[in-house]
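Below is one structure, written out as structure tokens, with a few remarks after it.
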Amino acid sequence: MELRTKLGAAALLAAAAMATAAGCGGRDDENPTPTPDAGCTGVCSTDAGSDAGLDAGTDAGTANQIAATRKLTFGTKATLRDVVITGVHYEKLGTSSEWRSYFWVTDPAAPKEGLFIHKFYSDTPNTYHPQVGDTVDIAGYFGTEPNYEPFTGRRHHLANQRTPPIPLAITPKTTDAGTANLPPANEVTVDDLTASLAAAQNSASYLGTRVHLAGPLTLTNAQPTQLQRLDSADAGTLYYGFEVTGGILVYHDKTRDRSGDGGTRCDYQKAALDGGAVTFPNGISGVWDTYTFAPCKDGGTDITGCGDNIADSGVPGLDDKRYTYTLIPQDCADLPGQVDGVAFP
């Protein structure tokens, strides 16, 4: 069943209530200046009014601290204590020894709770290189990734404050622990994940955490509309992932083939398009979080460099949805699949 058939009325109403102006917060000069919202300062987004809950708090506390943070008013400062880095979305070394990194953390005391963290080069300590398995304290401002951000737009996060500028502060407590320090992936079924599709980010189950989706699973659609690229010569032919049993979307950015970069990938989409029958007998793993697409207005081909030409984000094929949820494998070990009954790759 396609993902759109799983969307509940509550999620549709929440999405319809969102405005269309761009959000802002915690960003750098590589991104365009967002279209101003009324009252948009610090960390904010189009759905800022819908997630208001606890406010004026400076520390989410230790009990269900990530769940409490997700209910804060956007722009509120929050501190997460003793959380573990469970995945890295993107990282880049700066001109000196400073690191920019987007990553996920989970609270071992509440392993079904996770959150995306946006660390910019100037956030402190600027030379800290986040690694999976590190235990950290993080003090930042709750909000969402800007609406114009490809793939991650509107995703809940902690980040620095833009106006006035206050850095995100990370206190590394245990480093170089590796996977031995990771909380186990949450064991979930297709029904568990489809149930969370109808929820907003402040209440969706397992959001921002590593999950293991139980098998057996079948790749049912190699080119789901929701993951289609819209704005280039590849429009209609490039899809950023695939769909498996139950309409669960899999965003395969870290596992798809990228010719010429020297990486070894497990590109099941390509295998399916080549006529192979793809199955995952033991299921698949990854981080469960939001997905959206922000095209260039003029059909440009560089979606990360549209500048002021970038459009508002949304879900292709679902005009009333600004974001949906996808499973995000971190490497090929998260995708132990078979093609025509044979282990792949």
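Worth pointing out:
- Centre-to-centre, using Cα atoms only, segment 73-94 and segment 181-253 are separated by 22 Å.
- Which listed pairs, of Lys119/Lys270; Lys270/Lys297; Lys112/Lys297, have C-alpha distances above 31 Å, in listed order: Lys119/Lys270; Lys112/Lys297
- Exposure check, 1.4 Å probe, all protein chains in place: Glu243 carries approximately 10 Å² of accessible surface.
- Net charge over other residues, Cβ less than 11 angstrom from the Cβ of Ala222 (K, R count +1; D, E count -1): -2
- Accessible-area ranking of Thr127, Thr76, largest first, probe 1.4 Å: Thr127, Thr76
- Kirkwood Rh in Å, taken over all unlike Cα pairs in segment 129-206: 15.3
The values are calculated or read from the model by the stated rules, or taken from the named source; none is laboratory data. Please read these numbers as outputs of a predicted model, since none were measured by experiment. A quick note on method: Cβ atoms are made from the backbone with ideal geometry, for glycine too, and the neighbour counts reach across all protein chains shown. Areas reflect the complete protein model, heavy atoms only, side chains present, ligands, DNA and RNA absent. Shrake-Rupley method; radii C 1.70, N 1.55, O 1.52, S 1.80 Å.
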